[in-house]
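No value in this document is a laboratory result; all are computed from the given coordinates. This structure is a prediction, so every number in the text was calculated from the model and none was measured. Neighbour counts run over all protein chains shown; Cβ positions are idealised from the backbone, glycine included.
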Amino acid sequence: MPKQLISVIVPLYNEEEVIGESYRRLSAVLASLEEDYELLFVNDGSRDRTFELARAIVEKDPRVALIDFSRNFGHQMAVSAGLMQARGDAVVIIDADLQDPPELIPKMVEMWHGGAEVVYGKRVSRKGESAFKKLTAFCYYRVLDALSGWKIPKDTGDFRLMDRKVADALRAMPEHNRFLRGMVSWVGFRQVPLEFERQERFAGETKYPLKKMLKLAADGIFSFSGKPFGVMRVLGGLLLLAGLLLVLTLLIAQAMWGGVEGWAYVLGTLLALGGLNLLALGVCGVYFERMYDELKGRPLYVVRQVLRAPADGERP
Ligand code: UDP
Ligand code: MG
């Protein structure tokens, strides 16, 4: 039987300080596997010497390939490009900065052989990251969990191993606003966590400034949830009800005792109208959601396998 192939995708944006060490540690770990491997560097429009350094590695090592972007398209696009090129029976996504320890890959491969179709790294702790980042990440994953229609695992980045079937499913998802960790959870399959301690960045600083973080956070919420519209519908409905009840009560009070002042009716009507507006927007949201679903062009479903008795002619 030919050896299996593991593809490892490493997105790079201004990583001249880490690429050498990253390559050394990854190659050492991957060489210890029984499987063959390919290393896919994706240079996401770096403005430093990342490209030159990566090219020098590719020239020396036939197991390394380099995809070079024309400009910075962002981490999720870099990983997606790697996915499109990956030929492996399993695909690993790992950051270049060694915050995700490459030494965990053999364990992931072992779990894959044990039947896991996705092994995702789950951070039990984060070293060397600011209190702000830890706090925002903590809150964000909880909000995302509350909003999204299905479980996106908490405290999980893109560090993971996926079976080829999962990679194929992702390759069939052409959406533009890509939140890969959500997409991986959407496709299903047997997904197993592997807990690890997130390390400090080996060198350099984060390539995820607040603006990029916010865009990623928004993609996570808006690509995976219509719940904001649901909140509008519920709130709108409640307001409408409250307004109507108020007006009704006022009318009764006026009929029985009189003396209800005009502004009270105005308040009730305002409440009811505001509620009606919000409700109507929420209902429009249903159509938006459906259009958005169609636009994303995701596959209708993802098949793991089809089992069928062989046709008569094929029976032994
Ligand atoms: N990255 C990228 N394009 C970007 C930003 C980041 O390819 O626009 C890469 C970066 O080189 C690294 C990975 O994505 O390999 C994660 O980025 P970083 O470590 O800066 O994010 P953090 O760990 O701080 O969230
Ligand atoms: Mg990092």
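Worth a mention:
- Gyration tensor (alpha-carbon) shape descriptor, the stretch 79-138, a/c threshold 1.5: prolate
- Sparsely packed loop sites in the stretch 102-181 (the trypsin sites (Lys or Arg not before Pro) outside DSSP H, G, I, E and B with at most 14 other Cβ atoms within 10 Å) comprise Lys127, Lys151.
- Percentage relative contact order, the chain, counting C-alpha pairs under 8 Å, at least six apart: 17
- Kirkwood Rh (inverse of mean 1/r, distinct Cα pairs), the stretch 36-184, angstrom: 16.8
- Amide H partners (placed H, <5 Å) of Asp68, local residues excluded: Asn43
- Shape of the stretch 183-316, Cα gyration tensor, a/c cut at 1.5: oblate
- Antiparallel bridge percentage (DSSP; both residues within the chain; nearest 5): 25
- Dipole magnitude for the stretch 159-316: about 660 debye, using +1 per Lys or Arg Cβ and -1 per Asp or Glu Cβ, origin at the Cα centre.
- Gain in span if fully extended, Leu281 to Val124, counting 0.36 nm per residue against the direct Cα distance: 52.5 nm
- Distant-in-sequence amide contacts of Gly157, defined by a placed amide H-H separation under 5 Å and a gap of 5 or more residues or a different chain, comprise Arg123.
- Cα→Cβ-extended label distance, 7 Å offset, between Gln199 and Arg55, nm: 2.9
- Listed residue pairs exceeding 28 Å between alpha carbons, taken from Lys133/Lys165; Lys127/Lys165; Lys151/Lys212; Lys127/Lys296: Lys133/Lys165; Lys127/Lys165; Lys127/Lys296
- GNM flexibility winner over the chain from Asp95, Asp219, Asp293 (Cα, springs under 10 Å): Asp293
- Alpha carbon centroid spacing (whole Å) that separates the stretch 186-251 from the stretch 93-172: 19
- Across the stretch 50-61, coupling constants 3J(HN,Hα) worked out from phi with the 6.51/-1.76/1.60 Karplus curve, θ = phi - 60°, read 3, 4, 4, 5, 5, 4, 4, 5, 4, 5, 8, 10 Hz, and Gly and Pro carry x.
- Other-chain or far-sequence residues with amide H under 5 Å of Ile9's (modelled H): Leu40, Val92, Ile93, Ile94
- The chain, helix-only ellipticity at 222 nm - DSSP H runs n ≥ 4, -39,500 (n - 2.57), divided by all residues, nearest 500: -16000 deg cm²/dmol
- Exposed-loop-free span, longest in the chain, where GluC sites (Glu not before Pro) count as exposed if DSSP calls them loop and at most 11 other C-beta atoms lie within 10 Å: 35-204
- Coupling constants for the stretch 68-82 follow from the phi torsions by the Karplus curve (6.51 cos²θ - 1.76 cosθ + 1.60, θ = phi - 60°), and in residue order they are 10, 6, 6, 7, 7, 9, x, 3, 5, 6, 4, 5, 4, 4, x Hz; glycine and proline get x.
- Counted by neighbouring Cβ atoms within 10 Å, the residues Met84, Met111, Met256 run from fewest to most as Met256, Met84, Met111.
- In this simple spin-label approximation, Glu261 and Lys134 carry label points 7 Å from Cα along the Cα→Cβ vector, and these lie 5.4 nm apart.
- One quarter of the surface of the convex hull around the alpha-carbon atoms of the stretch 1-52 equals 3.7 nm², the direction-averaged projected area.
- Derived scalar couplings between HN and Hα for the stretch 163-169 equal 5, 4, 4, 5, 4, 4, 4 Hz in order, rounded to whole Hz, by the Karplus curve 6.51 cos²θ - 1.76 cosθ + 1.60 (θ = phi - 60°), x for Gly and Pro.
- The chain: C-alpha gyration tensor shape, a/c 1.5 cut-off, then a/b vs b/c: prolate
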